[in-house]
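Questions regarding the structure given below will be posed in turn.
The values are calculated or read from the model by the stated rules, or taken from the named source; none is laboratory data. These numbers were taken from a predicted model, which means no experiment stands behind them. A quick note on method: Cβ atoms are made from the backbone with ideal geometry, for glycine too, and the neighbour counts reach across all protein chains shown. These accessible areas exclude ligands, DNA and RNA; they are computed on the full protein's heavy atoms, side chains included. Shrake-Rupley method; radii C 1.70, N 1.55, O 1.52, S 1.80 Å.
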Amino acid sequence: MYNSKITGLGKYVPENVVTNDDLKEWMETSDEWIQERTGIKERRWIDPKTSDDTTSIMGAKAAEIAIERAGLTKDDIDFIVFATLSPDMYFPGGGVRVQEILEMDTIGAIDVRNQCSGFVYGLSVADQFIKTGMYKHVLVIGSENHSGGLERSTRGRNVTVIFGDGAGAAVLSREEDNSKGILSTHLHSEGKYAKELALEGPSTGRWVDAIMEENDPDDVSYYPYMNGQFVFKHAVVRFSEAIVEGLQANNLQKEDIDMLIPHQANLRIAQFIQKKFRLSDDQVYNNIMRYGNTTAASIPIALTEAWEEGKIKEGDNVVLAAFGSGFTWGSAIIKW
């Protein structure tokens, strides 16, 4: 039985910066209002007038960096796991688009649709492929293009101010030393709360022709919906549970955490978890203030930046934790 080890990391975000003050062009809001509730100061949104970026293109750009940093070439990659809630097309998914963009061999590619938990789920999938010996190098990508599907109005501001665009990627490679790499992953779901954070249409349950026929100006089912307070209350509980579960599985204590990378959902959630586990600022990495919530991309972007800044060193215990739509949540415990 092998372990899998992260050997390369990469990120990509659009050049277009949208500040909280910029949002006042579309809605009644303020920098103070947004920062107080979310901790966000700015985010990156694709500008279709100046950029050809899509979910898949951003994912491919992040992947190229991760592959190079792993000391590999695209021909060394055996499989692609692509996590997103915002693929370029309804189908096919983003994984095959990355295979095409990077001109890779006809390797397998799957999409993981677990939204904010997508990268942790994707990491777990890739880890299992490597642990069983099926593959040696697996590319895991989290990428999101939120900006094109947000309601840019006062009615939609509670959701719209939160989300940003971007991509992060990691290369997982075979590691024969079982004391290193991904030690364990832990995944959960609770579907009875699916509609508390969802985008219901268009979908197979409500196709475009039905929406157009009804022509209801108050219908917002094709925009993301979030019951903010409800999600927040569940998130702080599930985040904690997932972290504790991972630590216990590896006979670790909270004092053993060298770096916690939480999904960047809301700075207030991350601060709550930090306080609960009595972690210092040096033990938790947050960048939501710069990028907003990039859903499946948030953990790999933050992980990449933490590594680039020298905040993660060999031998460190790194914990990844996420919670989001589904509800789904999970954690990964890594010996760097």
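Compute the long axis of helix 118-131 from its Cα atoms, compare it with the longest principal axis of the Cα atoms of the chain, and write down the angle in degrees, 0 to 90, nearest 10.
30 degrees
Here's something else I'd like to know. Put +1 on the Cβ of every Lys and Arg and -1 on every Asp and Glu Cβ in the chain; which of 246, 120, 323 then has its Cα farthest towards the positive end of the dipole?
Farthest along the dipole direction, towards plus: 246.
Normalised radius of gyration for region 109-163, please: alpha carbon Rg relative to 2.2 N^0.38 Å, two decimal places.
Dividing the Cα Rg of region 109-163 by 2.2 N^0.38 Å gives 1.60.
If you line up the long axis of helix 298-308 against the longest principal axis of the chain, both from Cα atoms, how many degrees apart are they, to the nearest 10?
Here the helix axis deviates by roughly 50 degrees.
If you don't mind, another one. Report relative contact order for the chain in percent, whole number only (criteria: Cα-Cα under 8 Å, sequence separation at least 6). Write down the numbers at each step before the final one.
Values: 794 pairs, mean separation 87.5, N = 336.
It rounds to 26 percent for the chain.
Given points 7 Å out from each Cα along the Cα-Cβ axis, report the residue 100 to residue 155 separation in nanometres with one decimal.
Using points 7 Å along Cα→Cβ, the separation is 3.5 nm.
Can I ask one more? Between residue 188 and residue 27, what is the label-point separation in nm under the 7 Å Cα-to-beta-carbon projection?
Going from the residue 27 label point to the residue 188 one covers 3.0 nm.
Report the antiparallel proportion of the DSSP beta bridges in region 82-210 as a percent, rounded to a multiple of 5.
Around 70 percent antiparallel, to the nearest 5.
Could you sort the peptides 201-208, 54-61, 166-173 by per-residue average Cβ neighbour count (10 Å cutoff), highest mean leading?
Put in order of decreasing packing, that is 166-173, 54-61, 201-208.
Need one number: % antiparallel among DSSP beta bridges in the chain, to the nearest 5.
Details: 39 of 55 bridges.
Bridges in the chain that DSSP calls antiparallel: roughly 70 percent.
A further question on this structure: Charges at C-beta only: +1 for Lys and Arg, -1 for Asp and Glu. How large is the resulting dipole of the chain about its Cα centre, in Debye rounded to 20? Mind dumping the intermediate values first?
Details: 34 positive and 50 negative charges, 205 e Å.
Roughly 980 debye for the chain.
Check each of the trypsin sites (Lys or Arg not before Pro) in region 269-336 and keep only those in coil by DSSP with at most 14 other C-beta atoms within 10 angstrom; list them in order.
Those that pass, being in a loop and sparsely packed, are 278, 313.
Okay, next question. Once both axes come from the Cα atoms, what is the angle between helix 267-276 and the longest principal axis of the chain, in degrees from 0 to 90, rounded to 10?
The angle comes out at about 40 degrees.
Could you rank the peptides 190-196, 234-240 by their average count of other C-beta atoms within 10 Å per residue, with the highest value first?
234-240, 190-196
Give me D for region 22-108 in µm² s⁻¹, whole number, from Stokes-Einstein with Rh from the Kirkwood sum over alpha-carbon pairs, 25 °C and 0.890 mPa s.
Result for D is 157 µm²/s.
Work from the charge dipole of the chain (Cβ charges, +1 for Lys and Arg, -1 for Asp and Glu, about the Cα centre) and give the residue of 71, 143, 310 farthest towards its positive end.
310
Compute the length gained on full extension between residue 195 and residue 19: take 0.36 nm times their separation in residues and subtract their Cα-Cα distance, giving the result in nm to one decimal.
Contour length minus Cα-Cα distance gives 60.4 nm.
Divide the volume of the convex hull of the Cα atoms of region 15-71 by its number of residues and quote the answer in cubic angstrom per residue.
Each residue corresponds to 109 Å³ of Cα convex hull volume.
Related question: In debye, nearest 20: dipole of region 155-301 around its Cα centre with unit charges on the Cβ of K, R (+) and D, E (-)?
That gives a dipole near 540 debye.
Quick check for you: with a 1.4 Å probe and neighbouring chains kept, what is the accessible area per residue of region 57-114, in Å²?
Computed with neighbouring chains in place, this is 48 Å² per residue.
Also: Could you please tell me the mean projected area of the C-alpha convex hull for region 67-212, averaged over all directions and given in square nanometres to one decimal?
That works out to 11.2 nm².
Report the Stokes-Einstein translational diffusion coefficient (µm² s⁻¹, integer) for the chain, Rh taken as the Kirkwood radius over Cα pairs, at 20 °C with viscosity 1.002 mPa s.
107 µm²/s
Hey, another quick one. Express the C-alpha Rg of region 194-302 as a ratio against the empirical globular expectation 2.2 N^0.38 Å, rounded to two decimals.
Output field value: 1.40.
Pull up all non-local amide H partners of residue 2: gap of 5 or more, or a different chain, and H-to-H distance under 5 Å with H placed in the peptide plane.
For residue 2, the qualifying residues are 133.
Which one, 221, 237, 181, is farthest towards the positive end of the dipole of the chain when Lys and Arg carry +1 and Asp and Glu -1 on their Cβ?
The residue sitting most towards the positive pole is 237.
Over region 39-167, what relative contact order in percent results from Cα pairs under 8 Å that are six or more residues apart?
Working: 201 pairs, mean separation 43.6, N = 129.
Here the relative contact order equals 34 percent.
OK, next. Quote the relative contact order of region 259-319 in percent (integer), defining contacts as alpha-carbon pairs under 8 Å separated by 6+ residues. Mind showing how you got there, number by number?
Working: 61 pairs, mean separation 29.2, N = 61.
Computed value for region 259-319: 48 percent relative contact order.
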